[in-house]
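The structure appears right after this line, and notes come after that.
The values are calculated or read from the model by the stated rules, or taken from the named source; none is laboratory data. The model shown is predicted, which means the values in this text are computed figures rather than measured ones. Heads up, the Cβs are rebuilt from the backbone with ideal geometry, glycines too, and the neighbour counts pull from every protein chain shown. The area values use the complete protein model at the heavy-atom level, side chains included, leaving out ligands, DNA and RNA. Shrake-Rupley method; radii C 1.70, N 1.55, O 1.52, S 1.80 Å.
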Amino acid sequence: MLAAMLVYPAFSALAQAPAGPPAGPVQTFPLSEVHRGLHGVAYTVFEGTEPEAMDVEILGLLHNAIGPGQDMILARLTGPKPEYTGVVAGMSGSPVYVDGRLLGALAYRIGEFSKEPIAGITPIEQMLQVPENRAPAEDAGNGPASGTTAALLRPGPASFPISGMTAVSAGPAEDSELRPIDTPLVFSGFSPEAVKLFGDRFRALGLSPVAGIGGSQSSGSGQSSSGPPVSAPLVPGSSVSALLIEGDLEMAATCTVTMIDKGRVLACGHPITQFGNISVPMTKAEVLATLASPMDSFKIINTAQTIGAFTEDRQSAISGVLGGQARMIPVAIHVHGDGAERVLHLRVLDNPDLTPAALMVSVYQALTESNGYSAELTYAVHGNVAVEGNPALKLDSFAAPTDEVPSALLAAVTVGQRFAAIYGNSSRVQGIRSVDLDVESLPGRRSIEIESAQAAQPSARAGDTVTIEATLRPYQGEARNLRLPIHLPATLPSGPLRILLSDGETLDRLTDATPGVTGPTDLNSTIHQLNATHADDVLYVSLLLPDPQAVVDGHTLESIPISMANVLDPLRSNREMSLNGESVVPVTSIPVDAMLAGQRVISIDIE
């Protein structure tokens with residue numbers, strides 16, 4: 001009898017716990033009454049949909065552990081399963097009860113290699129401070145992109161290298177630090193390569209990207225969760241998912257429900273992104289298994305039917321409403337040219353920190369998912385982004401592989417750069433209505449360089465037609481020789497004239513046709529300027545004239561008088577204009593059916 005008492009002590013909360021979380025009105029346990037030695041019970045799903053009980057021993061209160069005036073309760077979990085798995089990714093939000101009253105949510109862990117399941121509890125008093133927003137955000141992504149995203153996607157050639165794809169992790173530098181329990185971010189339908197390339201952007205926000213360890217019950221028709229629903233009711237301790245992407249591809253962040261009160265749901269006990277007002281579908285989830293690991297235990301999860309929308313993502317919890325309808329951005333990606341046509345229909349969340357990366361990884365996956373994919377394919381990308389109350393942004397690019405960058409990644413990042421230029425625009429107040437892409441895959445590495453260029457004659461008169469001879473070198477191909485007749489303006493002054501042969505990127509840079517740090521802030525002007533960018537598969541011939549050139553509201557003014565340049569100069573301080581001392585005047589262009597790179601400047605004398 002004594003031995004039995006030693007093995008199963010009378011004070012064990014787990015031995016006295018009900019089969020599930022307490023029913024009826026929610027009663028909370030005051031933070032002021034928390035002290036070492038309290039015993040309670042927590043609920044989470046280890047397998048299936050039914051929450052299971054864990055014994056909880058309160059170790060004490062950590063003042064200001066989460067932030068000023070934001071305390072944390074330190075606890076030890078006991079019982080066969082938590083002692084075997086430790087603190088599990090996806091467990092955050094698991095409700096903790098003391099004497100039948102809700103104390104808070106399991107939300108924090110100590111490092112990755114701790115030998116016993118010690119967790120931090122976010123007090124329910126702090127979770128209830130999250131604003132109760134019953135209406136999903138109409139346009140949650142109106143603000144400019146965050147610093148990391150903006151740096152990642154800023155238009156311009158310097159932003160492209162793959163090293164720029166990595167973000168500094170927000171996690172702790174050492175294993176002994178207290179940090180939020182990881183939120184598994186399951187990529188369903190995505191390859192491990194796609195998750196590897198783009199995962200750091202999500203990992204920096206405290207999410208744990210995984211591919212293939214979980215899935216969805218989507219029909220694959222672009223509509224969410226039309227498969228067999230989870231019949232079990234949503235209760236405290238149930239797993240719940242926030243869909244960042246839904247449809248033919250899916251990206252879902254999963255944690256645990258802490259409290260349900262009159263249709264309002266509190267979950268996680270810590271933020272997912274802490275963006276504030278959000279609009280993300282809320283789904284039920286089924287735990288297929290809980291995988292124990294000395295480094296990082298996690299739940300393998302399938303998302304199920306949509307049951308509402310998350311509307312708030314704050315420091316102490318995420319909050320949502322049952323039956324709510326989330327606003328997402330419809331995305332259609334048509335891929336053809338390899339003998340078959342595929343169409344992916346998606347809906348992507350509207351969030352400055354995540355939407356550009358979510359769009360890029362979706363485009364990359366759409367291009368690489370077919371058996372027809374190979375590293376030597378070239379892509380011709382066309383499409384548009386529809387913006388409420390503004391002209392559509394045109395997406396046109398030609399992406400050929402290089403020795404460093406595969407064409408699928410180049411195409412995805414190019415789309416992401418153009419999209420981010422308007423998505424993160426500081427003047428945007430309207431929503432993104434849709435993104436529609438058409439991608440044609442072309443066999444081989446269709447890239448070509450400008451090898452040389454020269455004028456057929458050393459001098460000419462204003463108004464004459466001169467001939468430019470150029471040599472282009474395709475990748476592993478025979479040289480192509482071109483003769484380009486150029487008609488000179490009759491108003492050219494005497495003296496040397498420089499003629500530029502270039503790719504579209506060089507011409508954009510010289511004419512300020514790609515908005516950057518000093519580009520226009522007005523959304524309409526930004527769209528106009530982006531739509532005016534030059535194609536990747538065209539050879540451009542331009543005259544370089546020694547006259548000032550201005551770009552105002554996305555429009556290029558060539559060869560303006562000095563007096564006008566002086567009048568316009570004050571606009572430069574307001575970022576409404578850029579002014580160059582030389583005018584670039586395009587005179588002709590030649591399609592080359594390949595991604596062109598390079599530039600050559602030749603000079604002739606005007607008599």
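Yes/no matrix, rows are residues, columns are (1) under 28 Å from Asp593 (Cβ atoms); (2) modelled with pLDDT under 95:
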residue	(1), (2)
Ser427	no, yes
Ser441	yes, yes
Glu449	yes, no
Pro489	no, yes
Gly495	no, yes
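Residue count for the range 306-332, restricted to those that are under 23 Å from Leu359 (Cα atoms), assigned to a strand (DSSP E or B) and open to solvent by 20 Å² or more (accessible area, probe 1.4 Å): 2.
Taking the criterion of being modelled with pLDDT under 95 and more than 30 Å from Ala23 (Cα to Cα), would at least one residue in the range 300-323 satisfy it? Looking through the range 300-323, none of the residues is modelled with pLDDT under 95 and more than 30 Å from Ala23 (Cα to Cα). Across the range 78-113, the number of residues qualifying as assigned to a strand (DSSP E or B), of a type outside the set (S, T, N, Q) and open to solvent by 10 Å² or more (accessible area, probe 1.4 Å) comes to 5. Scanning the range 452-479 for residues being over 38 Å from the mean Cα position of the chain (by Cα) and in contact (Cβ under 8 Å) with a residue 40 or more places away in the chain gives a total of 13. Annotation: of all residues in the range 26-47 being part of a strand (DSSP E or B) and more than 15 Å from Val257 (Cβ to Cβ), the one that is farthest from the chain's Cα centre (by Cα) is His39.
Taking (1) under 18 Å from Ser191 (Cα atoms); (2) aliphatic (A, V, I, L, M); (3) crowded, with 21+ Cβ neighbours inside 10 Å; (4) in contact with a strand residue (DSSP E or B) (Cβ under 9 Å, 6 or more places away or on another chain) in turn, Val343 satisfies each apart from (3). Within the range 445-467, how many residues turn out to be open to solvent by 30 Å² or more (accessible area, probe 1.4 Å), of a type outside the set (Lys, Arg) and part of a loop (DSSP other than H, G, I, E, B)? The total comes to 5. So is Thr355 surrounded by fewer than 24 Cβ atoms within 10 Å (Cβ to Cβ), closer than 30 Å to Asp313 by Cβ and not aromatic (Phe, Trp, Tyr) or not? So Thr355 fails the test.
Checking the range 137-146 against the condition returns no match, with no residue being touching a strand residue (DSSP E or B) at 6+ places or on another chain (Cβ under 7 Å), of a type outside the set (A, V, I, L, M) and at pLDDT below 85. Considering only residues in the range 375-394 that are touching a strand residue (DSSP E or B) at 6+ places or on another chain (Cβ under 9 Å) and part of a loop (DSSP other than H, G, I, E, B), the one that is modelled with the highest pLDDT turns out to be Ala392.
On the basis of being free of Cβ contacts under 8 Å to residues at least 24 places away in the same chain and either of a type in the set (Ser, Thr, Tyr) or buried (at least 23 other Cβ atoms within 10 Å of the Cβ) (or both), does Ser374 make the cut? Criteria met by Ser374. Of the residues that sit in the range 395-424 and are open to solvent by 10 Å² or more (accessible area, probe 1.4 Å), in a loop (DSSP other than H, G, I, E, B) and of a type outside the set (Ser, Thr, Tyr), which one is nearest to Ser525 (Cα to Cα)? Among those that are open to solvent by 10 Å² or more (accessible area, probe 1.4 Å), in a loop (DSSP other than H, G, I, E, B) and of a type outside the set (Ser, Thr, Tyr), it is Gly424. One residue stands out among those in the range 429-439 that are open to solvent by 20 Å² or more (accessible area, probe 1.4 Å) and not in a strand (DSSP E or B): the one that is modelled with the highest pLDDT, which is Gln430. When the range 61-70 is examined, which residues are found to be part of a strand (DSSP E or B) and surrounded by fewer than 19 Cβ atoms within 10 Å (Cβ to Cβ)? Result: Leu61, Leu62, His63, Asn64, Ala65, Gly67, Gln70. When Thr471 is tested against the conditions (1) modelled with pLDDT of 95 or more; (2) within 30 Å of Val335 (Cα to Cα), the lone failure is (2). Filtering the range 497-515 down to residues that are at pLDDT 90 or above and open to solvent by 50 Å² or more (accessible area, probe 1.4 Å), which residue is nearest to Glu582 (Cα to Cα)? Here the residue is Arg498.
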